[in-house]
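Asks: One structure coming up, written as structure tokens, with questions to follow.
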Amino acid sequence: MDIATCLSLIDLLCAREFPAVRGRTEHGESGPGYHIAALRTSEEFWDGDGGERDETRAQFEADRDGLAERLGARWGRPQHFSLYSVLDRTVAGEDLAEPWAGLSGHVPDVHLWRAPETDRWIALGVSQWAEELPFQLLGIVTETDPP
């Protein structure tokens, strides 16, 4: 993982205006009040006994933590924010704001900062939609407070 590239992309997202409607971007997706970028994506896991998937998960979590250290030098120690309750509330029918509602379906938790210079939330999370699908290290920038 190229940390300098990840930091540059997060800076770009912090400075970029939010679109009026949800859509795909060159780095992921954006919508009213948020940007989500795939900072790194693994291979898929259709074959194997799960050992490679476990190793990849551990590596992606280590990459997230390494990037969090660099961002922590800017904004201090991150909050650890579980998205489990967000998923639970969404499944129960509560209408929660994006990007939090959507992220909760495939990202169990995030490291979270409030950037004082932009008044935006910055989060890092490891995503996996299903056991066979790739992991992604996500960078999230939003003006929407976590629920």
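Asks: What's the whole-number percent of alpha carbon pairs in segment 67-127 lying beyond 16 angstrom?
Replies: Roughly 46 percent, once rounded to a whole number.
Asks: Output the peptides 4-13, 87-96, 121-130, 35-44 sorted from most to least packed, where packing is the average of other Cβ atoms within 10 Å over each peptide's residues. All intermediate terms of the calculation are to be shown ahead of the outcome.
Replies: Details: 4-13: 16.2, 87-96: 12.0, 121-130: 20.3, 35-44: 18.3.
Ranking the peptides 4-13, 87-96, 121-130, 35-44 by packing returns 121-130, 35-44, 4-13, 87-96.
Asks: Around residue 19, what is the net charge, scoring Lys/Arg as +1 and Asp/Glu as -1 over all other residues with Cβ under 14 Å from its Cβ?
Replies: The answer is -2.
Asks: Oh, and also: What's the extension gain from residue 44 to residue 21 if we count 0.36 nm per residue and subtract their Cα-Cα distance?
Replies: 5.3 nm
Asks: Relative contact order of the chain: what whole-number percent is it, with Cα pairs under 8 angstrom and at least 6 residues apart?
Replies: The normalised contact order for the chain reaches 29 percent.
Asks: For every helix of n ≥ 4 consecutive DSSP H residues, a contribution of -39,500 (n - 2.57) applies; sum these over the chain, divide by its total residues, and give [θ] at 222 nm rounded to the nearest 500 deg cm²/dmol.
Replies: -10500 deg cm²/dmol
Here, each number is a calculation from the coordinates, and none is a lab measurement. Quick caveat, the model's predicted, so the values are computed rather than measured. Quick reminder, even Gly has a Cβ in these numbers, built from the backbone with ideal geometry, and neighbours come from all protein chains shown.
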